[in-house]
Amino acid sequence: MSWSRRTVMGGLAAAMPAAALAGQKSGRSSNAARFTLGFAPHLGSFASRGDSSVEQIAYAADQGFWAWEDNEYRLRPVAEQEAIAKALRDRKMTMGVFVASMPKWSESRPLLGGDDDAERQAFLADVTSAVDVAKRVGATRMTVVTGFMDKRLHPAIQMGRIIDVMRRAGDIVAPHGLALVMEPLNTRTNHPGVFMQSIAEGYAVARGANSPGVKVLADLYHEQIQSGNLIPTMKFCWDEIGYIQFGDNPGRNEPGSGEINYVNVCRFLKAQGYTGVIGMEHGNSVKGRAGEDRVIAAYRAIDPRI
């Protein structure tokens with residue numbers, strides 16, 4: 001069945017709690033109760049409320065969010081990292097992921113399954129140095145991308161090498177109570193050429209690595225584009241999923257702006273007993289303060305209260 005944007009947004013409005021809708025229509029912020037699930041905004045989610053992470057963290061906490069996400073956290077100066085960590089502690093908020101080893105997107109690197117072992121060694125060095133960063137902010141999950149395809153080599157050979165390097169990476173982080181979450185990315189809209197393109201492939205690597213320090217990041221925006229079948233896929237792969245991110249498709253904006261039924265997704269997560277962080281890995285479909293209010297209302301609409 002096809003759904004028009006008007007139908008989807010109408011359904012979202014019908015599902016929104018009255019208080020959230022009232023706040024959206026009046027232009028006021030929600031400032032409602034603590035969210036049931038660990039939805040995690042990021043720098044830019046509430047840009048009109050302050051320029052810094054600390055200011056936006058304070059605003060997010062006032063709206064009931066109890067988690068935060070910062071992909072570029074390890075790239076920030078240490079003083080800024082410490083300020084963010086203190087802001088989260090003061091507000092009793094949980095840190096989600098940051099990227100442990102940033103890919104060179106413009107160069108389509110690294111090739112973790114390729115012939116050059118130096119790229120794998122550099123990746124492992126990044127993972128090692130990221131441990132102290134994670135401890136600084138109390139993070140337990142760090143994102144990694146398993147690199148790009150080497151077109152000269154059979155994918156099965158690359159898979160074997162990636163399993164091996166991820167096992168070694170898991171050995172680095174697991175003793176510290178940390179886990180690397182591998183992010184599958186879509187190739188149809190955003191990241192042509194990446195190696196890992198589905199949660200199922202992530203599951204296979206995690207099973208092969210066989211380490212508590214290696215899990216899968218289920219970014220449902222990417223998965224919807226590449227494979228769909230979101231809830232059954234998560235159910236099949238649940239034992240290896242270590243982190244979740246939301247973003248609707250098309251557009252990669254807040255739930256309700258596209259085709260994904262996030263009400264049902266959240267019901268599934270609640271039924272599974274998921275208590276971890278859910279990264280709000282998306283933009284705002286409406287600019288400015290009105291768009292920020294809309295994001296809050298969208299998450300109120302999908303947060304399962306029972």
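When you go through Gly208, Gly242, Gly251, Gly256 one by one, which is the residue that is in contact (Cβ under 8 Å) with a residue 40 or more places away in the chain and assigned to a loop (DSSP other than H, G, I, E, B)?
Gly256
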Taking the criterion of being part of a helix (DSSP H, G or I) and of a type outside the set (Phe, Trp, Tyr), would at least one residue in the stretch 180-199 satisfy it?
yes
Pro212 fails exactly one of (1) closer than 23 Å to Phe148 by Cβ; (2) touching a strand residue (DSSP E or B) at 6+ places or on another chain (Cβ under 9 Å), namely (1)
Val277 passes all but one of the listed conditions (1) among the aliphatic types (A, V, I, L, M); (2) without any contact (Cβ under 8 Å) to a residue 12 or more places away in the chain; (3) crowded, with 21+ Cβ neighbours inside 10 Å; the exception is number (2)
Residue check: is Phe123 in a strand (DSSP E or B) and out of contact with any Asp or Glu (no Cβ under 7 Å at 6 or more places or on another chain)?
no
Let me spell it out: the conditions are (1) under 20 Å from Val277 (Cα atoms); (2) touching a residue at least 40 places away in the same chain (Cβ under 8 Å); (3) out of contact with any Gly (no Cβ under 6 Å at 6 or more places or on another chain); (4) surrounded by 15 or more Cβ atoms within 10 Å (Cβ to Cβ), and Gly113 meets all of them except one. Which number is the exception?
(1)
Quickly run through the stretch 146-170 and pick out the residues that are touching a Leu at 6+ places or on another chain (Cβ under 9 Å), in a loop (DSSP other than H, G, I, E, B) and not hydrophobic (A, V, I, L, M, F, W, C).
Thr146, Gly147, Asp150
Which one of these does Lys104 not meet: (1) free of Cβ contacts under 8 Å to residues at least 40 places away in the same chain; (2) surrounded by 16 or more Cβ atoms within 10 Å (Cβ to Cβ); (3) of a type outside the set (Phe, Trp, Tyr)?
(2)
Could you tell me which of the residues Gly114, Gly138 is over 17 Å from Val214 (Cα atoms), small (Gly, Ala, Ser), at pLDDT 95 or above and under 18 Å from the mean Cα position of the chain (by Cα)?
Gly138
Every residue from the stretch 268-306 that is modelled with pLDDT of 95 or more, part of a loop (DSSP other than H, G, I, E, B) and out of contact with any strand residue (DSSP E or B) (no Cβ under 8 Å at 6 or more places or on another chain)
Gly273, Gly283, Asn284, Ser285, Val286, Lys287
Which members of the stretch 139-163 meet the condition of being surrounded by fewer than 23 Cβ atoms within 10 Å (Cβ to Cβ), touching a Lys or Arg at 6+ places or on another chain (Cβ under 9 Å) and of a type in the set (D, E, K, R)?
Arg161
May I ask you to list pairs of residues, at least six apart or on different chains, whose Cβ atoms are under 9 Å apart, with the first in the stretch 162-173 being closer than 23 Å to Asp150 by Cα and the second being aromatic (Phe, Trp, Tyr) and in a helix (DSSP H, G or I)?
Val165/Phe123; Ala169/Phe123
Against the condition over 25 Å from Lys86 (Cα atoms), of a type in the set (Ser, Thr, Tyr) and not in a helix (DSSP H, G or I), how does Thr143 come out, does it pass?
no
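Residues checked against (1) modelled with pLDDT of 95 or more; (2) under 30 Å from Leu124 (Cα atoms); (3) surrounded by fewer than 14 Cβ atoms within 10 Å (Cβ to Cβ):
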| position | (1), (2), (3) |
| --- | --- |
| Met1 | no, no, yes |
| Thr7 | no, no, yes |
| Gly11 | no, no, no |
| Pro17 | no, no, no |
| Ala22 | no, no, yes |
| Ala40 | yes, yes, no |
| Glu55 | yes, no, no |
| Ala85 | yes, yes, no |
| Ala100 | yes, yes, no |
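The values are calculated or read from the model by the stated rules, or taken from the named source; none is laboratory data. Everything numeric here is computed off the predicted structure, so don't read it as measured data. Neighbour counts run over all protein chains shown; Cβ positions are idealised from the backbone, glycine included.
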